[in-house]
1. From the residues in the range 164-214 that are farther than 18 Å from T454 by Cα and of a type in the set (S, T, N, Q), which one is surrounded by the most Cβ atoms within 10 Å (Cβ to Cβ)?
2. Of all residues being over 15 Å from the mean Cα position of the chain (by Cα), of a type in the set (V, I, T) and not in a strand (DSSP E or B) in the range 21-73, which is surrounded by the fewest Cβ atoms within 10 Å (Cβ to Cβ)? Just the residue, please.
3. Restricting attention to the range 472-484, report how many residues are open to solvent by less than 10 Å² (accessible area, probe 1.4 Å) and in a loop (DSSP other than H, G, I, E, B).
4. Of everything in the range 574-586 that's open to solvent by 10 Å² or more (accessible area, probe 1.4 Å) and in contact (Cβ under 8 Å) with a residue 40 or more places away in the chain, which residue is nearest to R620 (Cα to Cα)?
5. Step by step: first the residues of the range 400-416, then only those that are surrounded by 15 or more Cβ atoms within 10 Å (Cβ to Cβ) and among the small types (G, A, S), then the one that is nearest to R204 (Cα to Cα). Which residue is that?
6. Just give me the residues in the range 136-157 being open to solvent by 70 Å² or more (accessible area, probe 1.4 Å) and either within 30 Å of R79 (Cα to Cα) or touching a Ser or Thr at 6+ places or on another chain (Cβ under 6 Å) (or both), in sequence order.
7. Taking the criterion of being part of a loop (DSSP other than H, G, I, E, B), polar (S, T, N, Q) and touching a residue at least 60 places away in the same chain (Cβ under 8 Å), would at least one residue in the range 245-259 satisfy it?
8. With the condition being free of Cβ contacts under 8 Å to residues at least 40 places away in the same chain and open to solvent by 60 Å² or more (accessible area, probe 1.4 Å), I'd like the strands (runs of 3 or more DSSP E) fully within the range 492-550 carrying at least 2 qualifying residues.
Amino acid sequence: MELEGFVLGVTRWEDDARVWSGPDYGKDALAYDEGVRSAAVAGRIITCVDVVDWTGRGSRDLLLSSWDACYDGQVYLRRQTGGNEDGTPRLGAEERVEGVRGYVTSAVVGGRLHLVSTSRLRRQIHVYSDIGEPGAPRFGEPAVLDLEADWVKGNEYFHSARFHDIDGDGELELVVGSDFWGDYWPNGREWNDEGYRGFDAADRWLGGPLRGFLYAFRNRGTIERPVLDRGRPVLAGDIPLEVYGQLAPAFGNFGPAGECLVAGEFWNILHLARRSADGFTQTQLLCGEDDRPIELDQCIHFPCVVDWDGDGRPDILVGAEDGYVTFLKNVADGEDGLPRFRKMGRVTTETPLIHAGVLPSPAAFDFTGNGRPDLVVGNSTGELLFYENTGGGEGRACLGSDTMLQADGHPVRIAAGPTGSVQGPSEKMFGYSCPTIVDWDGDGFADLLVSDVTGYHRFFRNLGGEQKPPRFAGEQLLHYRGKPLKTVWRVRPAVADWRGDGALHYVALDEDGLLSDFRRQSDTELADKRHLRWDDGEIIAFTVDVGGGRGRVKLCLCDWEGEGRIDLIFGTHARASVPPGPKGMPRNTTGQAGLFYCRNVGTPEEPRFAKPVPMAHRGRTIAMAMHVASPEAVDWAGRGALDLIVGVEDGSLVWLKREDLSW
């Protein structure tokens with residue numbers, strides 16, 4: 001099958017993806033203590049950032065948008081409410097921008113603020129014209145643009161778009177950055193296809209690169225009613241300008257360098273290219289004051305150019321996969337004439353919402369000894385974040401500022417590197433840390449057991465003392481049969497004392513994705529592996545997928561019903577199929593990440609579990625978008641009964657009270 005302008009190659013899973021429109025858990029999200037005066041601004045998963053003057057009064061307001069496969073492309077505004085001592089804007093509370101969705105950038109024409117939207121779920125660009133009163137933008141139905149172009153590869157995603165006078169003729173062109181995955185996957189097999197093999201025995205990637213290109217479309221109409229010529233690739237010299245996938249363009253005039261393209265890509269770097277007579281020069285990496293490339297904290301970057309601190313030099317703000325926005329301050333010009341930047345950290349607000357990275361995985365324990373369970377939260381960036389539970393009355397429980405936990409004196413930041421992710425080198429910055437908390441070594445202090453993107457399992461010994469947050473020794477890998485235990489990826493492990501005699505068992509998915517129980521033999525050695533089973537004797541498995549489709553399950557073992565047995569609660573991703581087959585959940589039910597309860601109907605010597613029951617919240621089956629729902633059972637408010645604290649993929653942590661749950 002061919003579409004005009006496209007040559008279809010590898011089937012895109014997004015072509016059949018569902019847009020999340022499930023229950024809203026926002027009212028159940030944990031909040032900061034009132035003593036937290038400032039924290040990082042965040043969008044949702046994969047955040048696009050643009051700076052706008054929303055009211056036309058000269059303010060620098062943040063426009064944040066996110067991946068619409070998960071959150072219906074919700075767009076948010078944070079208005080400038082004042083200024084900080086360093087000249088950067090002080091930002092206010094989050095506001096929803098109604099009627100707009102997708103990755104959004106802005107264009108001001110005739111005093112009106114228009115928005116341009118791309119989506120990985122459609123092959124079109126949407127242009128939302130401002131139909132509001134001056135200083136009060138409002139948006140109606142979008143103009144829908146079907147693009148025809150001389151595509152470099154065909155079947156390219158439209159990753160990011162903006163209107164910009166790219167050729168200096170005084171007219172705004174539509175500029176579109178793309179990304180193309182057809183060369184990336186080995187032999188055309190994606191991460192969850194039968195026969196997929198990403199690396200050889202020497203850890204060499206068997207696929208190719210991600211690819212991202214830039215296209216310009218001359219507009220013969222207006223922004224409200226665009227009439228586009230056939231697009232052409234933007235050149236760097238005499239070849240199409242290209243980065244490592246996910247090309248997101250921004251433009252700025254950088255003094256001696258003149259107008260430059262700033263291009264984001266999938267990896268944790270940005271590119272600069274000067275405008276030339278026929279396009280742009282070859283790209284160079286964005287560098288710091290030491291002339292070394294600046295490395296960002298995550299991947300999939302959306303830059304915008306703005307004088308953020310008001311010093312007259314154009315800076316860069318950049319959104320990323322982890323939802324945060326980073327400020328890169330323009331501090332000097334290099335000998336090559338290109339600007340040099342200083343990484344200033346995350347943009348903050350005085351009215352923050354808790355954002356624990358994306359795909360957060362919480363674990364609870366009272367580290368401070370005040371009778372209130374604190375949280376340790378893993379996330380896609382591989383961090384372990386500590387939140388103190390500062391209490392709160394009337395059924396509330398608030399958190400203090402997040403702090404990165406340290407091991408051996410260094411912040412914990414697990415990352416796949418070029419070979420650690422089953423999905424290939426594009427994911428070198430991902431960590432997917434999934435912690436559980438238990439006194440593993442029996443010294444009276446709660447330790448951390450963590451699995452992650454690599455499928456390895458790490459033990460962080462609590463060094464004791466009264467430090468807040470707690471201190472941990474350097475990681476030690478868990479072993480089985482004399483080798484480091486390596487299983488499927490992105491699984492939150494659990495620990496059980498099945499017989500109540502102090503003998504600990506480590507529960508995880510094995511290399512085949514089957515639920516497995518290991519006896520703790522020592523701090524780092526596991527023994528006596530067995531598979532855990534349903535009540536009919538079938539081994540517990542969570543999906544029909546293979547490769548990277550396995551794993552991704554978050555395990556929680558607890559006495560959920562207070563009857564002296566250890567039950568299983570687990571969270572899945574949307575593609576999971578429990579039990580595997582045509583009726584497995586949630587793949588064939590809600591089609592979204594969910595939570596499931598399995599009653600232990602076995603014995604202490606041989607636990608077995610009833611088939612899973614989907615958990616409901618306030619009468620509605622729990623549905624939490626695409627990637628993850630990560631539960632932790634804990635008596636959160638000291639009421640003598642277990643609730644659930646759940647990490648939702650947008651970065652929020654929600655408190656689902658027991659009385660609101662059914663199973």
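The values are calculated or read from the model by the stated rules, or taken from the named source; none is laboratory data. Keep in mind that this is a model prediction, so the values were computed, not measured. Methodologically, a virtual Cβ is constructed for each residue, glycine included, from the backbone with ideal geometry; neighbour enumeration extends over all protein chains shown. Each accessible area value is taken on the protein alone, full model and side chains, heavy atoms only, with ligands, DNA and RNA left out. Shrake-Rupley method; radii C 1.70, N 1.55, O 1.52, S 1.80 Å.
1. Going through the qualifying residues, I end up with S178.
2. Looking at residues that are over 15 Å from the mean Cα position of the chain (by Cα), of a type in the set (V, I, T) and not in a strand (DSSP E or B), I get T55.
3. The initial filter retains those residues of the range 472-484 that are open to solvent by less than 10 Å² (accessible area, probe 1.4 Å), namely 472, 478.
From what's left, in a loop (DSSP other than H, G, I, E, B): 478.
Count: 1.
4. At the first step, the residues of the range 574-586 found to be open to solvent by 10 Å² or more (accessible area, probe 1.4 Å) are 574-575, 579-583, 585.
Add one more test, that the residue is in contact (Cβ under 8 Å) with a residue 40 or more places away in the chain, and what stays is 574-575, 579.
On the way: A574: 16, R575: 20, P579: 21 Å.
Only one residue fits best here, namely A574.
5. Here the answer is A416.
6. Answer for the range 136-157, where residues must be open to solvent by 70 Å² or more (accessible area, probe 1.4 Å) and either within 30 Å of R79 (Cα to Cα) or touching a Ser or Thr at 6+ places or on another chain (Cβ under 6 Å) (or both): R138, E141, V144.
7. Yes: the range 245-259 contains one or more residues that are part of a loop (DSSP other than H, G, I, E, B), polar (S, T, N, Q) and touching a residue at least 60 places away in the same chain (Cβ under 8 Å).
8. Qualifying strands (runs of 3 or more DSSP E): 525-531.
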